[in-house]
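The values are calculated or read from the model by the stated rules, or taken from the named source; none is laboratory data. Computed from a prediction, not measured in an experiment: that's the story for all the values here. All Cβ positions, even for glycine, are placed from backbone atoms using ideal geometry, and neighbour counts span all protein chains on display. With ligands, DNA and RNA removed, areas are computed over all heavy atoms of the protein, side chains included. Shrake-Rupley method; radii C 1.70, N 1.55, O 1.52, S 1.80 Å.
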Amino acid sequence: MVEYLAAHQLNIMLSLSSVCFTIAVFVLIARALPYKRRISLLLLELSSMFLLYFDRLAYMYSGNLTEAGYIGVRVTNFFVFALTNAVVLSLNLYLSDVLLVEGGLTELPKRLKACTILSLIGIGMVIVSQFTNLYYYFDVFNVYHRGPGFILCYLFPVVTPLIQLTVILRYRDRIAKGIYISIVLFIVAPIIASIFQIFIYGLSLTNMTIVGMAVLVYIFALFDINDKLERANKREIEFFKEERKSMQRLFNQTSTAFVDAIDSKDVYSIGHSARVAKYARLIAEACGKSERECDEIYYTGLLHDVGKIGIPDSIIAKGEELSPEEQVILKNKSIIGSNILSNIEEYPYLRDGAHYVHERWDGKGYPEGLKGVEIPEHARIVAVANYYDMLTTKKSDRDPYPQFIVREEMIKGASTRFDPRFANIMVGIIDADPEYKLRDNLGGDDFDFNPETHIECEEYRKKVTKGILFEETVTNISFDWEKQNDSPTGYSNPALVLFDSYDNRIHVDKKNIEAFGYTEYGELWFNGHYNVANARNMDVKVEELENAIEANHYEITIFRFDDHLKLITKGQGKKIVAVVALPNSSKYAYVGLTGEYGNINNITIENTEQQVKESDIERIADVISYINRMESDIPNVQINRNRSSYSEALVVNDGMNVVFHTMSLPSANLVWHCPYAVLFSSDDGNVDGQNYREYALLKLNGENECETVYAENTMVKKVTDEFVDWDTWKEKNKIGLECRISFKKKNNQVEMAVEDAGILIRNTTKFKDKPEKVYFTLTGDQCAITDIRIYK
């Protein structure tokens, strides 16, 4: 290694000095470096460059007996020894600047000041040696030799850096890690090289090490300044981001305060704009919109109703039942809103939202009667969100609609009132929110379906708990009754109400009864008295309790099987067994707790999950069947509730056609109360059989709800001239009609084509793992499927 360095050291020295020169140029033009830092680094690199350059020349002139050689060897050796101390002095300037700037020192340590003095003394000693031959001398052949005091020439370049090292170690916590490492290496590495230099004559190991470390100091300084610039850039970006967020918060708070003031004109509209903005953002996010686009749509929703500020309070508070003249006045809010927001020129979408939110996809909206994609996209999204909030908010003349009514309205509004893409996305959001938490999270208990634990009753049925559902498993209920002493009649007793409604609540006004499909089956008191309303029959047996319970404690057990309910009550020393025959099997049933002049306390509900058998309830009314008609290739099937029954399964073959007659049950009133086609596989060919996998669930109203775990489904839905509107479509299905489902099977996919009262559906199911056999079955919700014929 030593021989190699000795043989090539002149080339190495030239290369290293060239690198230092290049770095010196970069330092000179590096505006990112502070002025003093730049000067100290420039001196360090230049002194290192000239040190090595003169050292190289000294080797070249050594032994040269010409006049130029005589002068050159003396001049170059002088600069080599002098510049060694100059390099240390430059490092001292660099270290001083680092400690004052990064280290935060207000005054330089005395040791660094001493280092400056020692470096200058070292340079002075080099000058003295020129006249005394203390460090070196030259023989008659013009060859360099070490002088008697040669070892002293290492004293200043070694001792001074060691002092610098004590300083850097003392303040290492105040200096950037990279700067600290580079300075320590600059000090330690040449000292180690100097030790080797003493024993290796003719090799400029110390000077080459100094130059190499000078290069390293620049590299680490560059890394440090880049790191600082990056941190400063990040801070600047964070500052601007925070400023943007602050401005956005200010805009949001100002806008929210403004629209809240407008919404407060009607007690039933409080919070409306904020909710619409939230729903609009959810739709935008589901569409895959960017964060910026989602913000735009959010604010479009927030400010869509600002035009209400110009509408008389009397019209706004009146609700939905407006005269034609009042409707004309109300429609002006779109123009008023767009005029207000047109002043915000940087955000034209705000004006468009207010102006076009009441346009319809079919062109029947206002104010301009735009159609389809002519309506700005932001307005189309906000229109869906606005309608959802209108349906789910309590009004002066009605309660909020339950989730599935809202869902149906969205389906019915797709392609007529709304852009079908955004309406279908809203349906998906509704389906992902079975507990109505989307609306409930914004406050209020309109959508809390859990029965209360306590109610206070005055006049009979003035207060009734939310309904507790009859299921085909046993549910136990208990409560304590506390009499009120201020009863004007002296009568104080609890009672039960049996009913059905979309929102599991009792309704008394005509509009809500119609809107929520309220049906009352009857009432039952704990003394055995009862009242039959819309139940087909009700049988009540009263027994004396053998083992009495607490006087004011009541226990109820409820369950159902098919179209029959059973209640077993204990209280007031009596046991009552009541059986109720519902109008049909598709109806739901709830029991609500109420009473007269008393408090119902400590209400507890426990579902035991004990399954009910047919023999558990004696039948008191005939079975109602809608499938007592022609039966063809496979048995008829009546589906009373969602997917409660299935037809016999068929193996899917290419070219197979299934033709059947369908009729919605009398209780059916939603668009998805129709037949469903299911593709599946299982080991035994039965639904929910072993290794059951469902590939497609195609509703004949044009919905495909199957998860994409095992297959991918692509559905195309069209309507023909036969389709008038959804209400007509539901009527045709109630009367009954013929349907045909055609199958095409090819490789790993199955295509189903179906038509139902003007709705054409083509669904392609592509299997991720091709099953050995694919089965098809018919099911649905509140429909009767008969005369099922198979054509192959």
With the crude spin-label approximation of a point 7 Å out along Cα→Cβ, what separation in nm comes out for Ser396 versus Glu482? 3.8
Starting from the 7 Å offset along Cα-to-Cβ, what nm value, one decimal, do you get for the label separation of Leu322 and His553? 5.8
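Taking Rh as the Kirkwood radius computed over C-alpha pairs, what is the Stokes-Einstein D of region 157-306 at 4 °C in a medium of viscosity 1.567 mPa s, expressed in µm² per second? Mind dumping the intermediate values first?
On the way: Rh = 21.2 Å.
Diffusion coefficient, whole number: 61 µm²/s.
Would region 1-138 count as rounded, prolate or oblate if I go by the C-alpha gyration tensor, calling it rounded below 1.5 in a/c and otherwise prolate when a/b exceeds b/c, oblate otherwise? List each step's numbers first, then the result.
Values: a/c = 2.62, a/b = 1.54, b/c = 1.70.
In terms of gyration-tensor shape, oblate.
Ranked by accessible surface with a 1.4 Å probe, highest first, in what order do Asp654, Asp295, Asp362 come?
Details: Asp654 105, Asp295 15, Asp362 40 Å².
Order by accessible area, largest first: Asp654, Asp362, Asp295.
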For the chain, the charge dipole (Cβ of Lys, Arg +1; Cβ of Asp, Glu -1; about the Cα centre) points to a positive end, and the Cα of His564, Thr393, Ser334 closest to that extreme belongs to Ser334
Over every pair of different alpha-carbon atoms in region 220-267, take the mean of 1/r and invert it; report that Kirkwood radius in Å. 13.6
Length gain on complete extension for the stretch Gln248 to Gln690, per 0.36 nm per residue less the alpha carbon to alpha carbon distance? 153.6 nm
Calculate the spin-label point distance for Phe26 paired with Val158, positioning each point 7 Å from the Cα along the beta-carbon direction, and give it in nanometres. 3.3
Extension length gain for Asn628 and Ile225 (0.36 nm per residue less Cα distance), in nm, is 136.2 nm
For region 44-119, rounded, prolate or oblate, judged on the Cα gyration tensor with a ≥ b ≥ c (square roots of eigenvalues), a/c < 1.5 rounded, else prolate if a/b > b/c? prolate
Whole-Å distance, taken between Cα centres, linking region 117-148 and region 304-367: 97
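So what are region 143-199's ellipsoid semi-axes, whole angstrom, largest first, if each one is the square root of 5 times an eigenvalue of the alpha-carbon gyration tensor? Present the calculation step by step, with values, prior to reporting the outcome.
Numbers: eigenvalues 171, 26, 9 Å².
In descending order the semi-axes read 29, 11, 7 Å.
In percent, what relative contact order does the chain have, based on Cα pairs under 8 Å that are 6 or more apart in sequence? Can you show the working numbers first?
On the way: 1475 pairs, mean separation 59.5, N = 792.
Averaging sequence separation for qualifying contacts and normalising by length gives 8 percent for the chain.
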Let me know the Rg and Dmax you get for region 247-335 when you use only its Cα atoms, in Å. 14.5, 43
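What's the local net charge at Ile309, with K and R +1, D and E -1, over the other residues with C-beta under 11 Å away? Please list the in-between numbers first.
Working: positive: Lys265, Lys308, Lys333; negative: Asp263, Asp305, Asp313.
Summing Lys/Arg as +1 and Asp/Glu as -1 gives 0.
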Could you tally the net charge around Gly598, taking each other residue with its Cβ under 14 Å from the Cβ of Gly598, Lys/Arg +1 and Asp/Glu -1? -3
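Starting from region 737-792, pick out the GluC sites (Glu not before Pro) whose DSSP state is loop and whose Cβ has at most 13 other Cβ atoms within 10 Å. Please report the intermediate quantities before stating the final value.
On the way: sites: Glu738, Glu751, Glu755, Glu772; in loops: Glu772.
The qualifying sites are Glu772.
Ignoring ligands, DNA and RNA, please state the percent of accessible area on the chain from carbon and sulfur, probe 1.4 Å.
On the way: 20560 of 37760 Å².
Answer for the chain is 54 percent, counting heavy atoms of protein chains only.
Please give the net charge around Ile335, taking every other residue with its beta carbon less than 15 angstrom from that of Ile335, where Lys and Arg add +1 and Asp and Glu add -1. Show your work: numbers first, answer last.
Numbers: positive: Lys308, Lys331, Lys333, Arg351; negative: Asp305, Asp352, Glu359, Glu368.
Charge balance near Ile335 sits at 0.
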For Glu712 and Asp362, what is the calculated FRET efficiency with R₀ set at 25 Å and r taken between the beta-carbons, to the nearest 0.05? 0.20
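What pairs from Lys511/Lys718; Lys412/Lys770; Lys278/Lys333; Lys511/Lys541; Lys228/Lys289; Lys412/Lys732 go past 25 Å between their alpha carbons?
Numbers: Lys511/Lys718 34 Å; Lys412/Lys770 36 Å; Lys278/Lys333 21 Å; Lys511/Lys541 36 Å; Lys228/Lys289 36 Å; Lys412/Lys732 16 Å.
The pairs that break the limit, which is 25 Å between Cα atoms, are Lys511/Lys718; Lys412/Lys770; Lys511/Lys541; Lys228/Lys289.
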Chymotrypsin sites (Phe, Trp or Tyr not before Pro) within region 635-741: DSSP coil, no more than 16 neighbouring Cβ in 10 Å: Tyr692, Phe723
Could you check how many percent of all C-alpha pairs in region 288-341 are farther apart than 12 Å? 68
In straight Cα distance, which aspartates and glutamates are under 12 Å from Lys394, not counting same-chain residues fewer than 8 positions off? Asp266, Glu320, Asp445, Asp446
Calculate for the chain the 222 nm mean residue ellipticity that helices alone would give, adding -39,500 (n - 2.57) per DSSP H run of length 4 or more and normalising by residue count, nearest 500 deg cm²/dmol. -14000 deg cm²/dmol
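How far, in nm, would the chain grow between Val542 and Met60 when pulled straight, counting 0.36 nm per residue and subtracting the alpha carbon separation? Walk me through the numbers on the way to the answer.
On the way: separation 482, 0.36 × 482 = 173.52 nm, distance 12.68 nm.
Working it through step by step, the gained length comes to 160.8 nm.
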In region 327-367, the GluC sites (Glu not before Pro) that fall in loop regions by DSSP, at most 14 other Cβ within 10 Å: Glu345, Glu346
Which label marks the calculated value of mean projected area of the Cα convex hull in nm², given the options (1) 35.1; (2) 58.0; (3) 38.1? (2)
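Once you charge only the Cβ atoms, +1 for Lys and Arg and -1 for Asp and Glu, what is the size of the charge dipole of region 113-218 about its Cα centre, to the nearest 20 debye? Each step should come with its number before you reach the end.
Working: 6 positive and 2 negative charges, 87 e Å.
Charge dipole, region 113-218, about its Cα centre: 420 debye, nearest 20.
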Could you give me the radius of gyration and the Dmax of region 671-754, taking only the C-alpha atoms into account and expressing both in angstrom? 14.8, 44
Can you figure out the FRET efficiency of Ala257 with Asn747, using R₀ = 51 Å and their beta-carbon distance, to the nearest 0.05? 0.25
Under the rule a/c < 1.5 gives rounded, and otherwise a/b versus b/c splits prolate from oblate, where does region 73-177 land using the Cα gyration tensor? prolate
Beyond 17 Å, what percent of the Cα pairs of region 455-561 remain? 63
So how strong a dipole does the chain carry about its Cα centre when Lys and Arg Cβ are +1 and Asp and Glu Cβ are -1, to the nearest 20 debye? 4340
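Once Rh is set to the Kirkwood radius over Cα pairs, what Stokes-Einstein translational diffusion coefficient, in µm²/s, holds for region 296-444 at a temperature of 4 °C and a viscosity of 1.567 mPa s? Please report the intermediate quantities before stating the final value.
Numbers: Rh = 16.0 Å.
Using the Kirkwood radius from Cα pairs, D works out to 81 µm²/s.
Regarding region 577-628, what whole-number volume in Å³ per residue does the convex hull of its Cα atoms give? Could the numbers behind the result be given before it?
Numbers: hull volume 7.7 nm³, N = 52.
Spelled out: Cα convex hull of region 577-628, divided by residues, is 148 Å³.
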